[in-house]
Amino acid sequence: MSWQRKDEEMLVPHPEFNNSNNNNDAIAPMEATVGRQETVSTAENRPIIEDPPTSKFTWTIEHFSRLNVRKHYSEYFIVGGYKWRILVFPKGNNVDQLSMYLDVADSSILPYGWSRYAHFSLAIVNQIHPKYTIRKETQHQFNARESDWGFTSFMPLLDLYDSAKGYLVNDTLVVEAEVTVQRVLDYWTYDSKKETGFVGLKNQGATCYMNSLLQTLYHMPYFRKAVYHMPTTENDAPSNSIPLALQSLFYKLQYSDTSVSTKDLTKSFGWDTYDSFMQHDVQELNRVLCEKLEDKMKGTAVEGTIQQLFEGHHMNYIECINVDYKSTRKESFYDLQLDVKGCRDVYASFDKYVEVEKLEGDNKYHAENYGLQEAQKGVLFIDFPPVLQLQLKRFEYDFMRDMMVKINDRYEFPLQLDLDRESGRYLSPDADRSVRNLYTLHSVLVHSGGVHGGHYYAFIRPTLSDQWYKFDDERVTKEETKRALEEQYGGEEELPQTNPGFNNTPFKFTKYSNAYMLVYVRESDKDKIICNVDEKDIAEHLRVRLKKEQEEKEQKRKEKAEAHLYTIIKVARDEDLTNQIGKDIYFDLVDHEKVRTFRIQKQISFTSFKEDVAKEFGIPVQFQRFWLWAKRQNHTYRPNRPLTTLEESQSVGYLRESSNKAHVAELKLFLEVENGPDLRVLPPPEKTKEDILLFFKLYDPEKEELRYVGRSFVRASGKPSEIITKLNAMAGFPPNEEIDLFEEIKFEPNVMCELIEKRISFRASQLEDGDIICFQKALTSDEEMYRYPDVPSFLEYVHNRQVVHFRRLDKPKEDDFCLELSKLYTYDDVVERVAQQLGLADPSKIRLTSHNCYSQQPKPQPIKYRSVDHLSDMLLHYNQTSDILYYEVLDIPLPELEGLKTLKVAFHHATKDEVSVHSIRLPKQSTVGDVINELKGKVELSNPNADLRLLEVFYHKIYKIFPLNEKIENINDQYWTLRAEEIPEEEKNLGPQDRLIHVYHFTRDASQNHMVQNFGEPFFLVIHEGETLADVKERIKKKLQVPDEEFSKWNFAFLSLGRPDYLQDSDIVSTRFQKRDVYGAWEQYLGLEHNDSAPKKAHQGNQNRHTFEKPVKIYN
C-alpha cells in the first residue's frame, strides 16, 4: 500500500474490526466524509455560539517501538471545559497503518444524552524536516455511541518506522493535537423565534420541498400583502379555501412564536395524507400554486399581482441570412430554466440561453415566399420581471443509462446579477433600455440528496440585508453569506492539503447539497417588494379568528405546562347514562370523554372538591356518594366500590395516585344520588357487603331500541324474581308483566350476554357491584316478526354493524350512498344489499373494489367473486380498517366475466384518418387470432378479405407483432396500447431483398440537450433493394397525405439507440437496416423529424418510463 495515498484515510470511529471487515476502508471514508457534509442533523448544520475555545496539546511518546499494547492513550487535556485524550494503535487497527483518534476521556461517566462538537487536527511531527509533518483534520459530533473519531489509516507503518524519514527519532514519536470545541445549541431547546425573529414550518412527512417554497414566497412582503387582501369571509373554512388557508399560514408565520402546520393548506389543495408523504417537484408546485392564486385573484383588488411580480417576456426569432425575412414570436415566462451541465455560472447559462443556432444544410429554414434558407434562430429578452425566479436544471435524463440523474456539478451564482452586461447582450431590440436590470439575490433553495429523494431547505435574506437565514422545516437559524452562496455551488470538495511535502492525491468527494432554485429581486423594485406588512393589511374577521386560535393554543399550552399541578376528575351521573346509552354507546355504561370534567389542584382535599360538585350540580355535599370505576379483566369498565370516609379526607392528588393502579392521569368517579318519590334528593342508603349495586337497560325488539332505565341495590341472597315488579315500574310495564333478564358480560372481542335464571340468587349468578342487567318483555311465539328478537341478538348486531360508504369506481372521490351492514355479512349479502339500493335485479353484476387507506384510492385489483368470507375482510387494508367500498355495475355477471379476458384495442382504419377503440371480451384461453376475428365484426374494413394484425405500441414505438396463436391471458393492455390494423398488400408479397422497417416521428428538444423525443403514430414500411431516400420519401408523403409545403420542412434520419444519422435524398435506405427483424429492432428505425403539431394529451396509464415523480395537482 503506497504511503503517499491520502485517499485511504478514514474519518471513522475506531471500532476494532475483525478480519472480515478489513475491506471496509475504501467505503468508510466516503461514508464518513459525505455524512459529515450532508446529514441534516449533524452539528455543522446547527447554530453555534461565537468564539469557540481552542487548545493545542503535544504528546511525546518515548520507546515507541517497544510499546507492547494494542491501544495506547495519552494523558487527558482540557478544552472547553471537557476532558480529551489521544488514542493510538501503534501497530495499526487491523491495517498496516498507524491508527489515531481523538477520544472523550470521561465518556463512561458522563450523563445520559451527552453530546459535544469539535473541529480538530492530529499530527505526527517530522523531527528532521518539520515541513513534512503529517497533519490531518476533521470535525465530529461526539456522543455516547461515537465517543472517539479520527483516522484508521493515518500514515503507513513502513514510513513511520523508517528512521530516515524523520518521524521516529531516537525511538521517540511526537504527536500534536489542536482541538476547537464549539458549543452547539440543543435542537430540542432551540427557539427559532427568540434567536432569529422568524418561525419555521412543520414537515407533514415529505413536505420540506413545499416548506422551502412557502417561506420564499412569504418573505416577499408584496406577495404576502396581496394574499392578505384576497377576499375571504368568516364562513370560509381554511381546509376548503386556498386563499384563507394561505392567509392563515402567513399570519401565523408573522405572529406565532412556534413552528406552523401546513395541514390546512394541503387540505385546501385537495391533497390527502398520501400526497403529503409523496415528494413532488418544487418547480412544478411553484407554477401550479401561482396559477391557482392568479385564477383566484381575478375580479379582486389584487388581480394581476402574480404577473406584476413574476412575469417577464422573451422573443423567439428566426432571421434569414441571405434574404430579408425575419419571424418573431413573443412569449411570457414566470420562471426561467437554466442549464447547469456545461455551465460554470449563471452568466454562462444566460449566454447559452441566448446562443444563436444556425439553420443550414439539411436543417435550413423554410421561409415564406423564399423557400429553404440559411437562418439564425435564437431567443432574446424583451423584459425581465421584478422578481426573477431561476430554476436550475439539476435533474436530467441520462439516455445512456435510461434513468434520471442529478447534476451535482459546481455552478456559481452571484450576490448581484447584472443582466444588462456587455451592452445588454441578452436584450431584444424592443427592450426598454431605461430599465436597469440589476438584481440582488433574495433566496437560495437547496436540494440535498439524490435523484430519488432527499431534503429541501432555503437560505433567505428577508430584508436583503447582509444577514442570511436558513429555513429548514421547523428550524430557522442565522447563517453567514458563505453558507448561502459558496457552499451551495455543488461540485467536489477535497479535504485540506495536510501534507504538502509529498506528492499525495487529495481526497475528494461530491457535494450532494446544492442550489436548485434562485430568486433575485430587481434593485429598482426592492423598496416596493420588501414593503411593510402589518395588521391593518389583514381582514378583521381573519384577525379575530386567528387571535382566538392563538389564545386557545396558548391556553392549551399553559394547561399542559401546569398539568403536573392538577388532577383531572371526570364525574359520571345517571343523567349521562340516560343521555348516552342507546345513542352514543350500547355497551358498558358511559363514555367518560363526554361527562363533566373538573380540573382541581392536587393538594385540594376531596371534601373541598365535593363543594365544587355541589355548586355545579346543585346537590348538597351530604347527599353525594362517589364510586370508583375499575377496569375488569374482560376489558369492561364498571363502578367498583364507594369511596371510604378516610379516602374522602385525602387530597385529590393522593386519591388519584392511590386508587389508580394503571397510573392514568385522570380520576374517574360515578356520583350516586338518591331521589325520593317527589324527586327530592335523599341521603344515600347505607351499603353493606350484602348489598349489590346493579344497573338496568331496557330493550324493545319492535323499535330495536336499548335505553338506560335506572339502577338499584339488591340483596346478594335475593333472587331476580323478587325485583320483577320494581323493574316493570322502571320500564313502565304493568306490575305482573313477564320479563326476561340477561347479564351483559362483555363485548370484546365477542359479545357475551347470557340469560339470568330468575329463581336462583344474585350471588349464585355471580352478580356483583357495577354489573349490568338488560331486560325485555318475555318472548312469545311471534318473535319471528322481529329482526333481533332478544337482547343478545341485538347486541351482536350492534357490535358488528358497520356503516359503509359506497362510491362509484369511476368517481372515487365522491360518496354515492351509505348502507348500514354487518361485518359478518358474506360476499353475497353485501352485493345483494348494494343491488337493492341500485334497483338492480341481478346482484352478481355488482363488482366491488376495496379501499387503499394509504393512497386514499381504490385498490388496483377488484374483489374477486366470493373470494372473501365477510364484509370485515373487504374493509381491511393491512392493519387498518376502512369504511369505503367502490362499486361498478357490469353488463354480465361477475363469475362469467372472471372467466373472460377484456382487451382494449385501438383500430386504425387503412384509408381514413380514423381510430376507433373497442373492448374485446373473450374466454381467457382464446388466442390473438380470436381477437382479430371478433374485431372484424366490429370495424369497417377497406375490403372484406383484408387481413388484420395486432401490435404492441409503447411510447410511440412498435415493440411487437403478436403471433395469431398467442394466448391472450397474459397480454397486458394497462400500460401500453394494443393497436390493430390491416396488413398492406405490399407487405404480404415481400421480395427476397425487401425489408420491413419501423418508421417513427421524432423531434429534438433544445431544452433537453437535443434529446430525441418520439411522438405520433409509428408504422411499418417496406423498402426495396437499391431504393433511394427520395423514392421512400415520396411513398411516405403519399401514405401520410402530408401537404408539399409542410413535407419540405421534414428531415429524415436513420436512428440507432436514439442517435440520428441524417440521410440525403441520394442515400440507399436499405443499406442502413439489418437483414431481418431481431429483438430490439424498434431501436433501429427511419425517423421523420418535424414539429409535433398535434395537441398535447395526457398519456393514458404509464406511458412514460422516465417519470420519477408524481405530478403536482391542486384540486380545488
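Grab the strands (runs of 3 or more DSSP E) fully contained in the range 961-1063, keeping just those with 2 or more residues being of a type in the set (Phe, Trp, Tyr).
Ranges flagged: 995-1005, 1011-1023, 1051-1056.
From (1) open to solvent by 60 Å² or more (accessible area, probe 1.4 Å); (2) at pLDDT below 90; (3) over 30 Å from LEU693 (Cα atoms); (4) of a type outside the set (S, T, N, Q), pick out the condition that doesn't hold for ARG833.
(2)
Look at the range 129-140 and say how many of its residues are within 20 Å of SER115 (Cα to Cα) and either buried (at least 19 other Cβ atoms within 10 Å of the Cβ) or among the basic types (Lys, Arg) (or both).
Qualifying residue count for the region: 2.
Within the range 476-485, can one find any residue that is touching a residue at least 24 places away in the same chain (Cβ under 8 Å), under 20 Å from ASN211 (Cβ atoms) and among the aliphatic types (A, V, I, L, M)?
Yes, the range 476-485 has at least one match.
If a residue must be part of a strand (DSSP E or B) and either among the small types (Gly, Ala, Ser) or not assigned by the TED database to the domain that holds GLU966 (or both), how many such residues does the range 925-950 contain?
Result for the range 925-950: 0.
Just name the residue that is modelled with the lowest pLDDT out of those in the range 400-419 that are under 30 Å from the mean Cα position of the chain (by Cα) and either closer than 27 Å to ARG329 by Cβ or part of a strand (DSSP E or B) (or both).
This residue is MET403.
Each row is one residue, and each column tells you yes or no for (1) within 23 Å of ASP769 (Cα to Cα); (2) at pLDDT below 80; (3) not in a strand (DSSP E or B).
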| residue | (1), (2), (3) |
| --- | --- |
| ILE568 | no, no, no |
| GLU575 | yes, no, yes |
| ASP588 | yes, no, yes |
| THR607 | no, no, yes |
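Working only within the range 257-270, note down all residues that are within 15 Å of ASP473 (Cα to Cα) and either open to solvent by less than 20 Å² (accessible area, probe 1.4 Å) or outside any loop (DSSP other than H, G, I, E, B) (or both).
Listed by number, the residues that qualify are VAL260, THR262, LYS263.
Looking at GLN601, is it more than 15 Å from LEU669 (Cα to Cα), of a type outside the set (Asp, Glu) and exposed (fewer than 15 other Cβ atoms within 10 Å of the Cβ)?
It is true that GLN601 is more than 15 Å from LEU669 (Cα to Cα), of a type outside the set (Asp, Glu) and exposed (fewer than 15 other Cβ atoms within 10 Å of the Cβ).
Could you give me the residue pairs with C-beta distances under 9 Å whose first residue belongs to the range 905-924 and is free of Cβ contacts under 8 Å to residues at least 60 places away in the same chain and part of a loop (DSSP other than H, G, I, E, B), whose second residue is open to solvent by 30 Å² or more (accessible area, probe 1.4 Å) and basic (Lys, Arg) wherever it lies, and which are 6+ apart or on separate chains?
Listed pairs, sorted by first residue: LYS924/LYS901; LYS924/LYS967.
Which pairs have Cβ atoms under 6 Å, sit 6 or more apart or on different chains, and link a residue in the range 565-582 that is within 16 Å of THR597 (Cα to Cα) to one that is aromatic (Phe, Trp, Tyr) and open to solvent by less than 50 Å² (accessible area, probe 1.4 Å)?
ILE569/PHE598; ALA572/PHE670; LEU577/TYR708
How about the range 335-349: which of its residues are open to solvent by 70 Å² or more (accessible area, probe 1.4 Å) and in a strand (DSSP E or B)?
The one that is open to solvent by 70 Å² or more (accessible area, probe 1.4 Å) and in a strand (DSSP E or B): GLN337.
In the range 420-440, which residue that is in a loop (DSSP other than H, G, I, E, B) and aliphatic (A, V, I, L, M) is farthest from VAL519 (Cα to Cα)?
ALA431
So LYS352 fits all but one of (1) open to solvent by less than 30 Å² (accessible area, probe 1.4 Å); (2) free of Cβ contacts under 8 Å to residues at least 40 places away in the same chain; (3) among the charged types (D, E, K, R); what number is the exception?
With respect to (1) open to solvent by less than 30 Å² (accessible area, probe 1.4 Å); (2) free of Cβ contacts under 8 Å to residues at least 40 places away in the same chain; (3) among the charged types (D, E, K, R), LYS352 is out only on (1).
Is it the case, given these coordinates, that ASN316 is open to solvent by 30 Å² or more (accessible area, probe 1.4 Å), closer than 30 Å to ASP409 by Cβ and at pLDDT below 90?
On the way: open to solvent by 30 Å² or more (accessible area, probe 1.4 Å): yes; closer than 30 Å to ASP409 by Cβ: yes; at pLDDT below 90: no.
Criteria not met by ASN316.
What are the residues in the range 905-921 that are within 17 Å of PHE962 (Cβ to Cβ) and open to solvent by 80 Å² or more (accessible area, probe 1.4 Å), if any?
none
Has the range 368-383 got at least one residue that is within 33 Å of the chain's Cα centre (by Cα) and either open to solvent by less than 20 Å² (accessible area, probe 1.4 Å) or among the aliphatic types (A, V, I, L, M) (or both)?
No, because not a single residue in the range 368-383 is within 33 Å of the chain's Cα centre (by Cα) and either open to solvent by less than 20 Å² (accessible area, probe 1.4 Å) or among the aliphatic types (A, V, I, L, M) (or both).
Determine whether the range 90-110 contains at least one residue that is modelled with pLDDT of 85 or more, closer than 17 Å to PRO53 by Cα and open to solvent by 10 Å² or more (accessible area, probe 1.4 Å).
no
The values are calculated or read from the model by the stated rules, or taken from the named source; none is laboratory data. From a predicted model like this one, the values you see are computed outputs, not experimental measurements. With ideal geometry, Cβ positions are generated from the backbone for all residues, glycine too; neighbour counts draw on all protein chains shown. Ligands, DNA and RNA are excluded from the accessible area calculation, which covers all protein heavy atoms including side chains. Shrake-Rupley method; radii C 1.70, N 1.55, O 1.52, S 1.80 Å.
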